[in-house]
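Asks: Here you go, one structure.
The values are calculated or read from the model by the stated rules, or taken from the named source; none is laboratory data. These figures come from a predicted structure and were not determined experimentally. All Cβ positions, even for glycine, are placed from backbone atoms using ideal geometry, and neighbour counts span all protein chains on display.
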2 protein chains.
Amino acid sequence: METVPAQNALNRIIAEDLISPANVPPFDRAAMDGYAVIAEDTYGATTATPVFLRMVGNVQMEMKPEINLGKGEAISIVTGGLMPQGADAVVMVEYTRLREEGNVEICSEVHPAENVAHVGEDIQQGTVTLKKGTRILPQDLGILAALGLAEVAVIRKPRVAVLSTGSELVDQSSKSALKIADVNRPVMMGALQDLGCEPVDLGIVPDEFSLIRSRLEEGLRIADMVIVTAGTSVGPRDIVPKIIDSLGKPGMLVHGVAIRPSMPTGLAVIDGKVIVSLPGYPVSAYIAFLEFVRPLLSELLETEFLPRPKVKARLSRRVAGVLGSRTYVRVRVAETRKGYVVYPVRTSGAGILSSLVQANGFLIIPEQIEGYEEGHEVEVELFRPVEHEENGR
Amino acid sequence: METVPAQNALNRIIAEDLISPANVPPFDRAAMDGYAVIAEDTYGATTATPVFLRMVGNVQMEMKPEINLGKGEAISIVTGGLMPQGADAVVMVEYTRLREEGNVEICSEVHPAENVAHVGEDIQQGTVTLKKGTRILPQDLGILAALGLAEVAVIRKPRVAVLSTGSELVDQSSKSALKIADVNRPVMMGALQDLGCEPVDLGIVPDEFSLIRSRLEEGLRIADMVIVTAGTSVGPRDIVPKIIDSLGKPGMLVHGVAIRPSMPTGLAVIDGKVIVSLPGYPVSAYIAFLEFVRPLLSELLETEFLPRPKVKARLSRRVAGVLGSRTYVRVRVAETRKGYVVYPVRTSGAGILSSLVQANGFLIIPEQIEGYEEGHEVEVELFRPVEHEENGR
């Protein structure tokens with residue numbers, strides 16, 4: 001938990017139930033410019049049959065009404081003005097006419113409470129106004145302002161350390177034509193930032209047991225959670241799971257998941273902190289992030305994320321799933337003359353990061369489904385807007 | 001347009017088509033640790049009937065293969081290693097055994113191109129990789145890294161000035177028990193920030209022609225667009241439309257819209273810049289922001305926003321629309337034992353900002369619909385997650 005100024009609180013998560021310290025509005029107020037009246041006095045009033053009330057005062061802003069309103073009387077009042085004792089409604093100025101002799105002509109009847117903002121009708125003192133776990137939206141900033149709260153207690157941003165492993169990798173800043181730019185760290189750090197976390201860069205380490213181990217130890221020391229990419233499969237250089245098990249207890253809990261294309265994902269806990277071991281292929285790593293890291297961050301942030309928008313559309317061609325595995329198909333959804341159509345992105349594998357750029361959504365094929373035929377209506381989770389095809393297809 | 005470092009580019013909008021300056025990968029590379037081979041040499045290989053190839057070299061990272069591969073030969077190679085001339089596939093190390101005499105036993109056949117990442121297969125040099133108008137997502141940061149681009153040209157954040165009018169209003173910082181805290185500015189500035197704009201605070205001015213006018217002039221001078229709240233209805237203090245018309249041409253284009261509860265919304269253009277005149281009631285102002293300001297910002301940012309997630313649910317009670325007007329009903333959607341249920345938030349008007357806190361979505365009733373009956377299935381636009389009711393209702 002930490003306290004932040006209200007102007008920096010957008011999209012942060014409320015750390016404890018916010019009990020309203022005041023009523024909003026704090027008094028009964030006029031909700032319109034016009035005349036405070038006793039509603040009963042106006043019954044039957046129309047333009048043709050107006051009611052005449054005696055004007056006995058004037059309420060401006062920042063003024064407490066000095067007089068109580070009696071039967072047959074009216075007091076001029078501005079929006080936000082404090083309602084005088086005795087009055088129970090406001091006639092809008094548009095439906096009135098002030099006569100020279102000090103009478104007000106009322107041309108429309110009002111019912112009790114009409115055009116009055118009652119004490120506490122927006123926010124009642126002592127009630128929970130913003131619940132623990134609420135993501136602070138723009139309207140919630142308005143609530144803080146209404147309550148005069150200049151700061152608010154929010155969940156501290158989880159620090160999540162990100163490590164890339166691989167002797168073939170370099171940072172883009174020190175690029176070498178013969179090595180490969182590490183894409184997983186920028187993707188992971190961006191995804192963490194997007195979800196309201198504080199990414200911590202652990203850099204790149206080559207595939208060496210002691211180097212990976214000491215960097216992971218550092219991550220566990222400085223962060224709330226650690227993400228490590230690559231080295232998690234079953235080849236001779238895939239040493240990350242062994243290293244994690246050497247760090248403490250209970251170690252690796254899961255190694256291998258029934259998700260395509262993210263099978264070699266591993267989940268571990270070391271002395272109460274989570275390490276997620278993601279595949280090195282960028283598409284696999286990103287999909288495993290969505291499936292496993294995102295829900296874990298939801299736990300750390302003690303909030304639920306808003307789901308992605310979904311859209312129903314027809315498949316342009318057959319797509320195959322893998323029985324027993326959940327398959328993430330990268331697709332492009334377009335609005336055509338024939339309605340919404342799903343085009344699976346043609347890719348040659350989990351290494352093709354650009355497939356996540358060409359795609360605007362995921363078609364997730366459940367474990368028990370072999371695939372969908374051409375023309376089948378499916379639901380796609382969108383991460384970019386639907387494309388518009390002028391000419392249809 | 002402006003250029004920003006890649007690490008600050010998340011959620012910014014690409015300003016011009018990004019043409020890839022390089023191939024990714026830049027050369028044919030091994031996609032697995034193993035042996036570079038001629039695929040044809042491995043045909044028929046199984047554990048029971050292995051094929052023996054002569055080991056003629058070793059490719060590590062950052063090494064150009066010195067020799068060309070001939071028929072019957074294999075070269076040891078690491079993931080990311082450059083494919084030797086002549087080789088067209090890689091056999092994973094798991095399916096091989098190095099024999100003492102310098103031969104490699106191949107126990108699984110590969111087809112041509114297997115386990116090879118081909119030059120440009122992810123990103124092809126000279127093609128459009130990130131289109132103009134793309135919101136930069138985490139995976140797009142990976143693309144920038146893969147291309148070695150440390151910065152990117154994005155659309156400058158639109159500066160949108162926000163002015164509140166009303167003699168009854170005070171800033172929360174200078175609160176007075178008798179005045180009313182301005183909630184519209186914090187809400188609008190938060191909403192602008194959320195959509196990738198730079199809000200500019202024009203403060204509060206009382207309902208005086210010359211004061212509002214000079215502040216609006218300042219807004220037009222320093223910002224790309226101006227939002228002004230309150231004073232836009234038809235009462236005697238509603239002077240904002242007249243003031244806007246006095247600022248230049250063409251002035252007010254629209255005044256009054258068929259949306260509940262945001263009727264007194266006004267849209268104006270002064271010398272090519274947009275002024276949006278929003279109602280003073282916070283719920284009306286926020287809904288008018290969503291209906292009118294959001295699409296205008298989409299134009300300024302030259303991008304399309306991702307739509308809100310929608311959910312289908314059954315109405316817990318009848319809701320009434322207004323024929324001829326689009327009605328925004330604030331609702332709470334909950335998952336119950338009976339499925340998803342929509343509870344309209346009971347509110348007494350457009351002044352009740354807390355209704356936007358209790359609600360998690362909008363049920364938008366179209367112009368031609370009078371209302372929906374209890375039990376009717378409707379679609380709700382969510383701005384907070386669906387609630388979960390343990391016990392159902």
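Asks: Looking at the stretch A:298-311, which of its residues are facing another protein chain (nearest Cβ under 10 Å) and crowded, with 19+ Cβ neighbours inside 10 Å?
Replies: A:THR303, A:PRO309, A:VAL311
Asks: Hey, among the residues in the stretch A:52-73 that are touching a Gly at 6+ places or on another chain (Cβ under 7 Å) and not in a loop (DSSP other than H, G, I, E, B), which one's farthest from the other protein chains (Cβ to nearest Cβ)?
Replies: Within the stretch A:52-73, the match that is farthest from the other protein chains (Cβ to nearest Cβ) is A:ARG54.
Asks: Listed residues B:ASP140, B:ASP171, B:ASP182, B:ASP201; which is in contact with a Ser or Thr (Cβ under 8 Å, 6 or more places away or on another chain) and either farther than 25 Å from B:LEU18 by Cβ or among the polar types (S, T, N, Q) (or both)?
Replies: Being in contact with a Ser or Thr (Cβ under 8 Å, 6 or more places away or on another chain) and either farther than 25 Å from B:LEU18 by Cβ or among the polar types (S, T, N, Q) (or both) holds for just one of B:ASP140, B:ASP171, B:ASP182, B:ASP201, which is B:ASP182.
Asks: Among the residues that make up the stretch A:185-196, is at least one of them out of contact with any Pro (no Cβ under 7 Å at 6 or more places or on another chain), over 27 Å from A:GLU299 (Cα atoms) and assigned by TED's automatic domain parsing to the domain that holds A:ALA285?
Replies: no
Results for (1) in contact with a helix residue (DSSP H, G or I) (Cβ under 9 Å, 6 or more places away or on another chain); (2) buried (at least 24 other Cβ atoms within 10 Å of the Cβ); (3) over 25 Å from B:ALA146 (Cα atoms), shown as yes or no for each residue.
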| position | (1), (2), (3) |
| --- | --- |
| A:LEU267 | yes, no, yes |
| A:GLY272 | no, no, yes |
| A:SER277 | yes, yes, no |
| A:ALA288 | no, yes, no |
| A:LEU296 | no, no, yes |
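Asks: List the pairs whose first member sits in the stretch B:327-346 and is farther than 9 Å from B:PHE362 by Cα, whose second member is in a strand (DSSP E or B) and among the hydroxyl-bearing types (Ser, Thr, Tyr), and whose Cβ atoms are under 8 Å apart, counting only residues at least 6 apart or on separate chains?
Replies: Hits for this filter: B:VAL333/B:TYR340; B:VAL333/B:TYR343; B:ALA334/B:TYR340; B:ALA334/B:TYR343.
Asks: Among the residues of the stretch B:36-52, count how many are in contact (Cβ under 8 Å) with a residue 12 or more places away in the chain and farther than 22 Å from B:HIS118 by Cβ.
Replies: 7
Asks: Looking at this structure, is B:GLY280 within 12 Å of another protein chain (Cβ to nearest Cβ), under 14 Å from B:THR232 (Cα atoms) and over 23 Å from the mean Cα position of the chain (by Cα)?
Replies: Numbers: within 12 Å of another protein chain (Cβ to nearest Cβ): yes; under 14 Å from B:THR232 (Cα atoms): yes; over 23 Å from the mean Cα position of the chain (by Cα): yes.
So B:GLY280 passes the test.
Asks: Does B:TYR340 satisfy the condition of being over 24 Å from the mean Cα position of the chain (by Cα) and part of a strand (DSSP E or B)? Walk me through how you get there before you give the answer.
Replies: Values: over 24 Å from the mean Cα position of the chain (by Cα): yes; part of a strand (DSSP E or B): yes.
Judged against the criteria, B:TYR340 is a match.
Asks: Identify, from the list B:GLU367, B:GLU335, B:GLU374, B:GLU379, the residue that is outside any loop (DSSP other than H, G, I, E, B), over 27 Å from A:ASP122 (Cβ atoms) and over 25 Å from the mean Cα position of the chain (by Cα).
Replies: Exactly one residue qualifies, and that residue is B:GLU335.
Asks: Taking A:LEU202, is it surrounded by fewer than 24 Cβ atoms within 10 Å (Cβ to Cβ), touching a residue at least 24 places away in the same chain (Cβ under 8 Å) and closer than 17 Å to A:SER277 by Cβ?
Replies: yes
Asks: Please state which one of B:GLY251, B:GLY196, B:GLY219 is of a type in the set (Gly, Ala, Ser) and in a loop (DSSP other than H, G, I, E, B).
Replies: Details: B:GLY251 fails: in a loop (DSSP other than H, G, I, E, B); B:GLY219 fails: in a loop (DSSP other than H, G, I, E, B).
Going through B:GLY251, B:GLY196, B:GLY219 in turn, just one is of a type in the set (Gly, Ala, Ser) and in a loop (DSSP other than H, G, I, E, B): B:GLY196.
Asks: Go through the stretch B:258-288 and give me each residue that's over 16 Å from B:GLY231 (Cβ atoms) and either in a strand (DSSP E or B) or aliphatic (A, V, I, L, M) (or both).
Replies: Matches in the stretch B:258-288: B:ALA258, B:ILE259, B:ARG260, B:VAL269, B:ILE270, B:LYS273, B:VAL274, B:VAL283, B:ILE287.
Asks: I've got another one for you. Only one residue in A:ALA288, A:ALA258, A:ALA268 is within 15 Å of A:SER164 (Cβ to Cβ) and among the small types (Gly, Ala, Ser). Which one?
Replies: Among A:ALA288, A:ALA258, A:ALA268, only A:ALA288 is within 15 Å of A:SER164 (Cβ to Cβ) and among the small types (Gly, Ala, Ser).
Asks: Pick from A:GLY349, A:GLY324, A:GLY371, A:GLY280: which is in the same structural domain as A:ALA191 (by TED's automatic domain parsing) and either in contact (Cβ under 8 Å) with a residue 60 or more places away in the chain or at positive phi (or both)?
Replies: The conditions single out A:GLY280.
Asks: If a residue has to be within 7 Å of chain A (Cβ to nearest Cβ) and either among the charged types (D, E, K, R) or under 22 Å from the mean Cα position of the chain (by Cα) (or both) to count, how many in the stretch B:116-128 make the cut?
Replies: Summing the residues that are within 7 Å of chain A (Cβ to nearest Cβ) and either among the charged types (D, E, K, R) or under 22 Å from the mean Cα position of the chain (by Cα) (or both) in the stretch B:116-128 gives 2.
Asks: Which of (1) assigned to a strand (DSSP E or B); (2) over 30 Å from A:ARG156 (Cα atoms); (3) within 13 Å of chain B (Cβ to nearest Cβ) does A:ALA113 not meet, given it meets every other one?
Replies: (1)
Asks: Follow-up. I need the full set of residues from the stretch B:15-38 which are within 13 Å of chain A (Cβ to nearest Cβ), of a type in the set (A, V, I, L, M, F, W, C) and part of a loop (DSSP other than H, G, I, E, B), in order please.
Replies: Of everything in the stretch B:15-38, those that are within 13 Å of chain A (Cβ to nearest Cβ), of a type in the set (A, V, I, L, M, F, W, C) and part of a loop (DSSP other than H, G, I, E, B) turn out to be B:ALA22, B:PHE27, B:ALA31, B:MET32.
Asks: Let me ask something else. Mind counting the residues in the stretch A:204-234 that are over 19 Å from B:LEU141 (Cβ atoms), touching a Ser or Thr at 6+ places or on another chain (Cβ under 8 Å) and facing chain B (nearest Cβ under 10 Å)?
Replies: Here the count works out to 2.
Asks: Among the residues in the stretch B:75-85, are any surrounded by 20 or more Cβ atoms within 10 Å (Cβ to Cβ), part of a loop (DSSP other than H, G, I, E, B), within 34 Å of the chain's Cα centre (by Cα) and not basic (Lys, Arg)?
Replies: So far as the stretch B:75-85 goes, yes, one or more of its residues are surrounded by 20 or more Cβ atoms within 10 Å (Cβ to Cβ), part of a loop (DSSP other than H, G, I, E, B), within 34 Å of the chain's Cα centre (by Cα) and not basic (Lys, Arg).
Asks: Would you point out which residue out of A:GLU198, A:GLU151, A:GLU168 is modelled with pLDDT under 95 and not β-branched (Val, Ile, Thr)?
Replies: None of the others qualify; the one that does is A:GLU168.
Each row is one residue, and each column tells you yes or no for (1) surrounded by fewer than 23 Cβ atoms within 10 Å (Cβ to Cβ); (2) outside any helix (DSSP H, G or I); (3) at the interface with chain A (Cβ under 8 Å from one of its Cβ atoms).
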{"residue": "B:ARG156", "(1), (2), (3)": "yes, yes, no"}
{"residue": "B:LEU163", "(1), (2), (3)": "no, yes, no"}
{"residue": "B:SER167", "(1), (2), (3)": "yes, yes, yes"}
{"residue": "B:MET188", "(1), (2), (3)": "no, no, yes"}
{"residue": "B:LEU192", "(1), (2), (3)": "no, no, no"}
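Asks: Looking only at residues in the stretch B:1-14 that are part of a helix (DSSP H, G or I) and out of contact with any helix residue (DSSP H, G or I) (no Cβ under 6 Å at 6 or more places or on another chain), which one is surrounded by the most Cβ atoms within 10 Å (Cβ to Cβ)?
Replies: Looking at the filtered set, the residue picked out is B:GLN7.
Asks: Only residues that are buried (at least 19 other Cβ atoms within 10 Å of the Cβ) and part of a loop (DSSP other than H, G, I, E, B): list them for the stretch B:349-364, please.
Replies: Answer for the stretch B:349-364, where residues must be buried (at least 19 other Cβ atoms within 10 Å of the Cβ) and part of a loop (DSSP other than H, G, I, E, B): B:ALA350, B:GLY351, B:ILE352, B:LEU353, B:SER354, B:ALA359, B:ASN360.
Asks: Right, next: Consider the stretch B:121-136. How many of its residues are in a loop (DSSP other than H, G, I, E, B) and within 18 Å of A:ALA350 (Cβ to Cβ)?
Replies: 2
Asks: Filter the stretch A:283-297 for residues that are at the interface with another protein chain (Cβ under 9 Å from one of its Cβ atoms) and of a type in the set (S, T, N, Q) and give the result.
Replies: Matches in the stretch A:283-297: none.
Asks: Residue check, B:GLU101 against (1) without any contact (Cβ under 8 Å) to a residue 60 or more places away in the chain; (2) under 22 Å from A:ASP238 (Cβ atoms); (3) in a loop (DSSP other than H, G, I, E, B), all met but one. Which one?
Replies: Here B:GLU101 meets the rest and fails (2).
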